[in-house]
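To start, the structure under review is shown below, and the notes come after it.
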Amino acid sequence: MNYCSAKGIVVIGGGLAGSEAAWQIAQRGIPVFLYEMRPFIPTGAHTGSNLAEIVCSNSLGSNLLSNASGLLLQELRILGSLLISIADSCSVPAGKSLAVDRERFSQTVTQNILKQPNITLIREEVVDLAFDSICILATGPLTSPRLASRLEALTQSNSLYFYDAICPIVDASSIDFSFAFKASRYMDPANSGDYVNCPLTKEQYLELSRELAHAERIKLHDFEKELYFEGCLPIEIMAKRGEDTLRFGPLRPTGLIDPKTNKRPYAVVQLRQDNLAASLYNMVGFQTNLTYKEQDRIFRIIPALKNAEFIRYGQLHRNTFINAPKLLLPTLQFKDNPFIFFAGQLAGFEGYAGNIASGLVAGINASRLFQGKEPVIFPRQTMIGELLWYICHADPLHFQPMKANFGLFDLTLEKNLPKDKAARNLFLSQRSLRNIEAFVRAILA
Ligand SMILES: Cc1cc2nc3c(=O)[nH]c(=O)nc-3n(C[C@H](O)[C@H](O)[C@H](O)COP(=O)(O)OP(=O)(O)OC[C@H]3O[C@@H](n4cnc5c(N)ncnc54)[C@H](O)[C@@H]3O)c2cc1C
């Protein structure tokens, strides 16, 4: 089948990256043919037919400029990202983070895409790579197996996947608030914070950690290797690493005081608001591959969740990505065929904002190529530029998807940087924003 049209640009995958890419192209007056296989072919994790469905945590990360995700979000606002402006308009309370009502978010993205006259949405699985025009591949971590095998051939890889896991969701009305308190870390205890905190005594914590470490897990197929991403380890794998691992990880009590005891608890399970109605909360850091029966049994050790109703249990999922440092240019073009762009998780970006950013870059560069202009390399000393640089220059032998972080900046030649970490990050952020603004004025205007 021939999917392409020389009359426009083809975008495959209507997720976070693909929707942003399609929008950027359409805004530049170029016709877009956006292919999305849902609802006819499911992915196993997406539940609806909307574009840009957010499948797990509803948080796009911190909004603070002293935080890497806060900087990336701000750069994306300056660059005119559709999805971040929609995220801002669908936000739910989450302390200093940008968290969204996921349903409203994907609905609004879909409405905007459908309203854009330059975009034709085609609900069809792409199974071939027969392109005769510029194309952006943004089929995400759950790229359909038929397309994934085509991609293996295109990229000459024997393996494109590893495993990731998602967190359970609890019905808010089933949380026992006599064992929970609302607070955000480091907040004045007199104020009510955004997170529901479920404190644990030492005994409760040790029991939870032990049970998690020894619980029954869903079996993987024999041919599937366990290849987890370190940044998103299943809770049971963390528990196996040692008695204190969870207490210094997602269950850390730092910055939290239980108003009932006026003390810092031994450990805390945090729940984050998942929808605008505040009727659903997700268990922060509890991505897991335990059997549903085991999740139902073990999570009830947490006193506040003794009678919880689990709306969704955690699950493990496949994660498909190419070896970007070997295969991509910093413009996100495929080295072997510059008419093909990669974006999103498939290109090795991690985190919702990073995936949106890659869609924006691929969309802008595909448009430029279509218009006979040179694709641009986004400037370094910006979060987006450093992320792109890393994706295309990391060690191909050990490549793992990467999310925004200040470690991507090369500080070896920097002089007069503030010593304090938060002040240093803020300094880097402010400079990055000036660089992005100058780039927009000089190159993209
Ligand atoms: C279960 C799960 C949990 C996750 N949890 C988090 C999290 O908590 N935080 C986080 O930052 N990231 C998380 N991720 C990663 C997350 O997927 C990305 O951050 C983001 O959704 C990736 O954006 P994307 O556009 O690359 O892919 P997606 O948003 O998945 O979009 C890809 C789209 O392509 C479509 N598609 C696939 N194959 C084809 C085909 N052959 N033809 C046509 N359409 C196709 C899919 O249906 C999908 O709509 C999770 C991923 C999964 C699967």
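Might you check whether a residue that is assigned to a helix (DSSP H, G or I), under 21 Å from Arg104 (Cβ atoms) and of a type in the set (Val, Ile, Thr) occurs anywhere in segment 71-93?
Step one: filter segment 71-93 for residues assigned to a helix (DSSP H, G or I), giving 71-78, 82-89.
Of the ones still in play, those that are also under 21 Å from Arg104 (Cβ atoms) are 73, 76-77, 82-89.
If we keep only those that are of a type in the set (Val, Ile, Thr) too, we end up with 84, 86.
Yes: segment 71-93 contains one or more residues that are assigned to a helix (DSSP H, G or I), under 21 Å from Arg104 (Cβ atoms) and of a type in the set (Val, Ile, Thr).
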Worksheet item: Counting only residues that are of a type outside the set (Gly, Ala, Ser) and within 10 Å of the ligand (Cβ to nearest atom), which one in segment 8-24 is surrounded by the fewest Cβ atoms within 10 Å (Cβ to Cβ)?
Response: Ile12
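The rows are residues; the columns are (1) surrounded by fewer than 24 Cβ atoms within 10 Å (Cβ to Cβ); (2) farther than 25 Å from Asn319 by Cβ; (3) not assigned by TED's automatic domain parsing to the domain that holds Glu437.
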| site | (1), (2), (3) |
| --- | --- |
| Tyr35 | yes, no, no |
| Pro39 | yes, no, no |
| Pro42 | yes, no, no |
| Thr47 | yes, no, no |
| Leu51 | no, no, no |
| Ser91 | yes, yes, no |
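Considering only residues of segment 363-403 that are assigned to a helix (DSSP H, G or I) and of a type in the set (Phe, Trp, Tyr), which is nearest to Val32 (Cα to Cα)?
By that ranking, first place goes to Phe370.
Every residue, every condition in (1) touching a helix residue (DSSP H, G or I) at 6+ places or on another chain (Cβ under 9 Å); (2) free of Cβ contacts under 8 Å to residues at least 12 places away in the same chain; (3) buried (at least 16 other Cβ atoms within 10 Å of the Cβ); (4) acidic (Asp, Glu), yes or no:
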residue	(1), (2), (3), (4)
Glu350	yes, no, yes, yes
Ala366	yes, no, yes, no
Leu369	no, no, yes, no
Leu388	yes, no, yes, no
Cys392	yes, no, yes, no
Pro401	yes, no, yes, no
Asn405	yes, no, yes, no
Thr412	no, yes, no, no
Lys415	no, yes, no, no
Discussion item. Out of Phe286, Phe299, I need the residue that is part of a loop (DSSP other than H, G, I, E, B) and either within 22 Å of the chain's Cα centre (by Cα) or crowded, with 16+ Cβ neighbours inside 10 Å (or both). Which one?
Written reply: Phe286
Worksheet, complete the sentence: Residue count, segment 136-161, condition away from the ligand (no atom under 11 Å from the Cβ) and in contact with a Phe, Trp or Tyr (Cβ under 7 Å, 6 or more places away or on another chain), comes to 1
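So that you can scan it fast, the table gives a plain yes or no per residue for (1) assigned to a helix (DSSP H, G or I); (2) buried (at least 20 other Cβ atoms within 10 Å of the Cβ); (3) at pLDDT below 95:
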position	(1), (2), (3)
Glu226	no, no, yes
Ala239	yes, yes, no
Pro253	no, yes, no
Ala277	no, no, yes
Tyr281	no, yes, yes
Lys293	yes, no, yes
Worksheet item: If you go through segment 317-347 one residue at a time, how many are surrounded by 21 or more Cβ atoms within 10 Å (Cβ to Cβ) and within 10 Å of the ligand (Cβ to nearest atom)?
Response: 9
Worksheet entry | Among residues of segment 25-62, those that are touching a strand residue (DSSP E or B) at 6+ places or on another chain (Cβ under 8 Å) and more than 10 Å from the ligand (Cβ to nearest atom), counted | 7
Item to complete: Quick one: which strands (runs of 3 or more DSSP E) lie wholly within segment 142-187 and hold at least 2 residues that are at pLDDT 90 or above and buried (at least 16 other Cβ atoms within 10 Å of the Cβ)?
Response: 181-183
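The values are calculated or read from the model by the stated rules, or taken from the named source; none is laboratory data. Being a predicted model, the structure only gives us computed values, none of them experimental. Quick reminder, even Gly has a Cβ in these numbers, built from the backbone with ideal geometry, and neighbours come from all protein chains shown.
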